[in-house]
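Q: The structure is given below, and queries will be raised subsequently.
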Amino acid sequence: MTPVPGSTSDFQWGVATAAFQIEGATGEDGRGASVWDTFCREPGRIRDGHTADVACDHYHRWPEDLDLIGGLGARAYRFSIAWPRVQPDGSGPVNAKGLDFYDRLVDGLAERGLNATATLFHWDLPQPLEDAGGWLNRDTAARFAEYAAIVAERLADRVALWITLNEPMVVMAYGYAFGVYAPGRTLMLGALPVAHHQLLGHGLAVEALRGAGARSVGIANHHIPGQAASDRPEDATAAQAFDNLLNWQFTDPILRGGYPDLGVDLPHVRDGDLAVIAAPIDVLGVNYYNPVGVAAPAEGDELPFTMTDVPGAPPVTGMGWPVVPAALHRLLTTLKSRYGDALPPIQITESGCSYDEALDDRPRIDYLSAHVDAVRAAMNDGVDVRGYYVWSLLDNFEWAEGYHPRFGLVHVDYATQRRTPRASYAWYRELIAASGPDGRPRRR
Ligand code: GBH
């Protein structure tokens, strides 16, 4: 058994990636198809018809990529495990070569003194499970827990923190309600069982992970704070409905044991489910990018809100996303006041931005530095934050936007797969070096 390096009580400065966005090698070593492989092949789904078949070729270039993380002086690397590599059918036989890849990866992290933060599901659901209903099918929750147990039995001795699901909200909303992400369903409120079945899968996986000796377990939720578009009371009501549906729906069941008011019945919730979902977790992962403006719906709208511009016309990133670090500060203090002592320590499991700049990416440095300051301000207000992971190490396959956005601290030239650190990489290295074990600037 290889010992876990470093100390996980230290603030986890890190970088984050996801399997489908960087690995490529989608047909290699027995990997099965995922819903995203299918989605990429449907005409018109992905900008310019890009696919993730090669991506950053990380499946072959991982030692170089881990060296880049080591070169940052980071403490932790958040990566995801591709379910279809481990279980090509989503159930049944294990593909040894798939599991071997992640075994080598975690050994590579240990050799470099890096903590492994492993996400079990970052959206690449095995296609056979989607064919059986995907996350609309309650059985997928049980399949997920089985898969979690298989992976943990192999890797639990070397993984410092397990993240069950990445952003179940995005899977529900973008994948099954609006249809802009895989599997491309447009069920609107009919997608609510997708939230519940993922949360149930999370709870069952927490139990499976603990049974397999996991040290530390959490979930990474996407928080997109809704800001009322005006002072009109109907906009405030809409912002509340937005927060309940897209934000609190994914934390209340875990930390409070029940759903917020979603305005509809949830007939798919069975007796005992909420107790499973409320299994204690060690870390709440928070992925934050931006807030959104929320206004009252138009007459006849199916949803109780409509999304609009953030009030106050903040600056935007290269992708047009509003830059509002104060909303991250407020989110963290709101989590603390909403959940009190039930709130576990937080890690910011994703924070980052896309700009078009090739290498001299001053706007990314400004973005990250303002968001790190927001985290520290929340810590000064008493919120227990123990980590911050930049999204992302490398430019990568940005889902429906293909390779156009560039989120990396490291630039990738896709023609040659050459990696070149940007100015923000050097900036982040200095920030980490200048920080004490609590993540705050060292006193001099
Ligand atoms: C995360 O998703 C994912 O975990 C990661 O895989 C992804 O690469 C990364 O973020 C960057 O996108 O146009 O203002 O309404 C975040 C989900 C959904 C967040 C779309 C931003 C649009 C913002 N994203 N959303 S806005």
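Q: Just to be sure I follow: if Rg is taken over the C-alpha atoms of the range 321-444 and Rh is the Kirkwood radius over the same atoms, what is Rg/Rh?
A: 1.01
Q: Mean projection of the alpha-carbon convex hull of the range 201-311 over all orientations, in nm²?
A: If I average the Cα hull's projected area over directions, I get 8.2 nm².
Q: Could you list which residues have their amide H under 5 Å from that of TRP13, counting only those 5 or more apart in sequence or on another chain, with H placed in the peptide plane?
A: The list, which skips near neighbours in sequence, is ARG75, ALA76, TYR388.
Q: Right, here's the next one. Could you identify which residue out of VAL310, VAL375, VAL86 has the top mean-square fluctuation in a GNM of the chain using Cα springs shorter than 10 Å?
A: Looking only at VAL310, VAL375, VAL86, the biggest GNM fluctuation is shown by VAL310.
Q: Expressed as a whole percent, how much of the Cα-Cα distance distribution for the range 60-122 exceeds 14 Å?
A: So the pairs more than 14 Å apart make up 58 percent of the total in the range 60-122.
Q: Sticking with this structure for a sec: I'd like to know which of ILE22, SER9, ILE81 lies farthest towards the positive end of the charge dipole of the range 1-119, counting +1 on Cβ of Lys and Arg and -1 on Cβ of Asp and Glu.
A: SER9
Q: While we're here: Using alpha carbon centroids, what distance separates the range 256-282 and the range 407-432, in Å?
A: When both Cα centres are located, 41 Å separates them.
Q: Checking the a/c ratio against 1.5 first, then a/b against b/c, what shape does the Cα gyration tensor give for the chain?
A: Cα axes put the chain in the rounded bin.
Q: Which value, in debye to the nearest 20, gives the size of the charge dipole of the range 328-436 about its Cα centre, when Lys and Arg are +1 and Asp and Glu are -1 at the Cβ?
A: 240
Q: For ASP261 and ARG338, compute 0.36 nm times the residue count separating them, minus their Cα-Cα distance, and round to one decimal in nm.
A: Contour length minus the Cα-Cα distance gives 26.2 nm.
Q: Here is a further query. Where both residues lie in the chain, what percent of DSSP beta bridges are antiparallel, nearest 5?
A: In the chain, approximately 20 percent of DSSP beta bridges are antiparallel ones.
Q: Oh, and also: Measure off 7 Å from each Cα along the Cα-to-Cβ vector at ASP271 and PHE178, then give the distance between these two points in nanometres to one decimal.
A: Inter-label distance under the simple model: 3.9 nm.
Q: Same structure, new question: For the range 302-333, list residues with backbone N below 16 Å from a point placed 7 Å from the Cα of SER230 toward its Cβ?
A: Hits in the range 302-333 for SER230 at 16 Å: 305-313.
Q: Just the C-alpha atoms of the range 1-148: what Rg/Rh do they give, with Rh taken as the Kirkwood radius?
A: 0.99
Q: Comparing ARG41, ARG112, ARG422, which has the greatest mean-square fluctuation in the GNM of the chain with Cα pairs linked when under 10 Å apart?
A: Judging by the Gaussian network model, the answer is ARG41.
Q: Share of antiparallel DSSP beta bridges in the range 343-444, in percent to the nearest 5?
A: DSSP beta bridges in the range 343-444 are roughly 55 percent antiparallel.
Q: What is the gain in length, in nm to one decimal, between ARG47 and LYS97 on full extension, counting 0.36 nm per residue of separation less the C-alpha to C-alpha distance?
A: Contour length minus the Cα-Cα distance gives 14.8 nm.
Q: Among GLY201, PRO225, PRO325, which residue has its Cα positioned farthest towards the positive end of the charge dipole of the chain, with +1 placed on the Cβ of Lys and Arg, -1 on the Cβ of Asp and Glu, and the dipole taken about the Cα centre?
A: PRO325
Q: Hey, any idea what % of the chain's accessible area is carbon plus sulfur with a 1.4 Å probe?
A: 50
Q: Compute the relative contact order of the range 71-118 as a whole-number percentage, counting only Cα pairs closer than 8 Å that sit 6 or more residues apart in sequence.
A: This gives 49 percent for the range 71-118.
Q: Can you give the % of DSSP beta bridges in the range 283-400 that are antiparallel, to the nearest 5?
A: 35
Q: Let's see if you can work this out: charge +1 on each Lys and Arg Cβ, -1 on each Asp and Glu Cβ, no other charges. What is the dipole magnitude of the chain about its Cα centre, in debye to the nearest 20?
A: Rounded to the nearest 20 debye, it is 1240 debye.
Q: Subtracting the Cα-Cα distance from 0.36 nm times the residue separation, let me have the gained length for VAL316 to ALA279 in nm, one decimal.
A: Working it through step by step, the gained length comes to 9.5 nm.
The values are calculated or read from the model by the stated rules, or taken from the named source; none is laboratory data. What you see is a predicted model; the values in this text were computed from it and never measured. Cβ coordinates were reconstructed from backbone atoms using ideal geometry, including for glycine residues, and neighbour counts include every protein chain displayed. Surface accessibility is based on the protein's heavy atoms, side chains included, excluding ligands, DNA and RNA. Shrake-Rupley method; radii C 1.70, N 1.55, O 1.52, S 1.80 Å.
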